[in-house]
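Colleague: Could you have a look at this structure, given as structure tokens, before my questions?
The values are calculated or read from the model by the stated rules, or taken from the named source; none is laboratory data. Quick caveat: nothing in here was measured; it's all calculated off a predicted structure. Neighbour counts run over all protein chains shown; Cβ positions are idealised from the backbone, glycine included. Keep in mind that these areas ignore ligands, DNA and RNA; they rest on the heavy atoms of the full protein, side chains included. Shrake-Rupley method; radii C 1.70, N 1.55, O 1.52, S 1.80 Å.
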Amino acid sequence: MKRLVSQIIFILVIFLGIQSSKSNTLQHDFEEAKFKMGDIWHSLETCCDHSYKYSNEKSYKGKQSAKFELRRYDRDVNESKRSELTTGIEKPSGDNWYRFKMFIPNDWETDPNSFEIITQWHGYPDFEKGETWRSPPLLIGIQGDKINIHKQWDSKEVTVNNNPEGKSVLWEGKLDDLKGKWIDWTFHIKWSYLQDGIVEVWKDKEKIISRTGANSYNDEKGVYLKIGIYKPDWKHNPEKSVVDYRIIYFDDVEVGYGQRIPGY
């Protein structure tokens, strides 16, 4: 009898552990017929019908992916030029994992003096303390013919005038090496404004970043993931840009809150 009870308890522990694991890992493969706000997505920041759609033009697997399109003369969204999909705000502590597939088309034109952000983890300001929106603590960006991963951080209780304690380019590559194919990105991040922060990144399962140290702001709330296109120069410095549109695709997004993504 004791042995049977022990076996039942063991099975329940395993079952509950699996359920807990599943509840901490959110996924979206963009195969549904229509966009739905659910556990993983919190908001869609777009202006127009062309800004975001399920597309069968490209797909990592299955039939569809998420297509983001941004045009120079699109209406402003949240005071700038963007087409982005966002998650909810995460807890400010713990080890979080993110995995997604990204496709940059071959016809992506070089814009030598203007940049865009194609993935970002945005901090949520402490407005009641006088903070305003700041640059994201971690991002994937494109500048000219380069693609980079950049972080910035601040341990001060209030970050003033978007002037953090530190900034760092963690990795830089040639954009041409990533165009015209699906790229598998995996990020392991322990968010911290102190030195115990962690950023690990794999590109197509090859580890390209392993860095410790501060990687976020000293905020009461956590961060949230945004995928898509953000090009602020079209709003604030239009003379810098020589291109008129951007298109990018995403597929198979997975977010693990404190849950390690299998295979890493």
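Colleague: If I filter the stretch 230-237 for residues that are part of a strand (DSSP E or B) and in contact with a His (Cβ under 6 Å, 6 or more places away or on another chain), do I get at least one hit?
Modeller: no
Colleague: Quick one: which of LYS91, LYS101, LYS53 is farther than 18 Å from ASP233 by Cα and part of a loop (DSSP other than H, G, I, E, B)?
Modeller: Answer to the selection: LYS91.
Colleague: Still on this structure: Among the residues of the stretch 196-208, what is the count of those that are in a loop (DSSP other than H, G, I, E, B) and open to solvent by less than 30 Å² (accessible area, probe 1.4 Å)?
Modeller: 1
Yes/no per residue for (1) open to solvent by 80 Å² or more (accessible area, probe 1.4 Å); (2) farther than 15 Å from TYR245 by Cβ:
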{"residue": "CYS48", "(1), (2)": "no, no"}
{"residue": "TYR52", "(1), (2)": "no, no"}
{"residue": "LYS58", "(1), (2)": "no, yes"}
{"residue": "ALA66", "(1), (2)": "no, yes"}
{"residue": "TYR73", "(1), (2)": "yes, no"}
{"residue": "GLU79", "(1), (2)": "yes, yes"}
{"residue": "SER83", "(1), (2)": "no, no"}
{"residue": "THR86", "(1), (2)": "no, yes"}
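Colleague: Is there a residue in the stretch 150-165 that is touching a Leu at 6+ places or on another chain (Cβ under 8 Å), over 14 Å from HIS122 (Cβ atoms) and not β-branched (Val, Ile, Thr)?
Modeller: Yes.
Colleague: Shifting gears a bit: Name the residue that is nearest to VAL253 (Cα to Cα), counting only residues in the stretch 126-144 that are over 18 Å from the mean Cα position of the chain (by Cα) and either among the hydrophobic types (A, V, I, L, M, F, W, C) or surrounded by 14 or more Cβ atoms within 10 Å (Cβ to Cβ) (or both).
Modeller: Only one residue fits best here, namely ASP126.
Colleague: Output the residues belonging to the stretch 104-117 that are within 23 Å of VAL169 (Cα to Cα) and in contact with a Gly (Cβ under 8 Å, 6 or more places away or on another chain).
Modeller: Correct list: ILE104, THR110, ASP111, PRO112, ASN113, PHE115, GLU116, ILE117.
Colleague: Moving to a separate point now. Kindly provide the set of residues from the stretch 145-161 that are buried (at least 20 other Cβ atoms within 10 Å of the Cβ), within 21 Å of the chain's Cα centre (by Cα) and among the polar types (S, T, N, Q), ordered by number.
Modeller: Of everything in the stretch 145-161, just one residue is buried (at least 20 other Cβ atoms within 10 Å of the Cβ), within 21 Å of the chain's Cα centre (by Cα) and among the polar types (S, T, N, Q), namely GLN152.
Colleague: Testing PRO112 on (1) in a loop (DSSP other than H, G, I, E, B); (2) buried (at least 17 other Cβ atoms within 10 Å of the Cβ), one condition comes back false. Which one is that?
Modeller: The one condition PRO112 does not meet is (2).
Colleague: So how many residues does the stretch 219-241 have that are out of contact with any Lys or Arg (no Cβ under 6 Å at 6 or more places or on another chain) and farther than 20 Å from PHE115 by Cβ?
Modeller: 5
Colleague: Still on this model: Which residues, taken from the stretch 168-190, are part of a strand (DSSP E or B) and without any contact (Cβ under 8 Å) to a residue 60 or more places away in the chain?
Modeller: Hits for the stretch 168-190 are SER168, VAL169, LEU170, TRP171, GLU172, GLY173, LYS174.
Colleague: Being crowded, with 18+ Cβ neighbours inside 10 Å and part of a loop (DSSP other than H, G, I, E, B) narrows it down to one residue among TYR249, TYR224, TYR193; which is it?
Modeller: TYR193
Colleague: Among (1) farther than 22 Å from THR110 by Cα; (2) open to solvent by less than 10 Å² (accessible area, probe 1.4 Å); (3) part of a strand (DSSP E or B), where does ARG211 come up short?
Modeller: Condition (2) is where ARG211 drops out.
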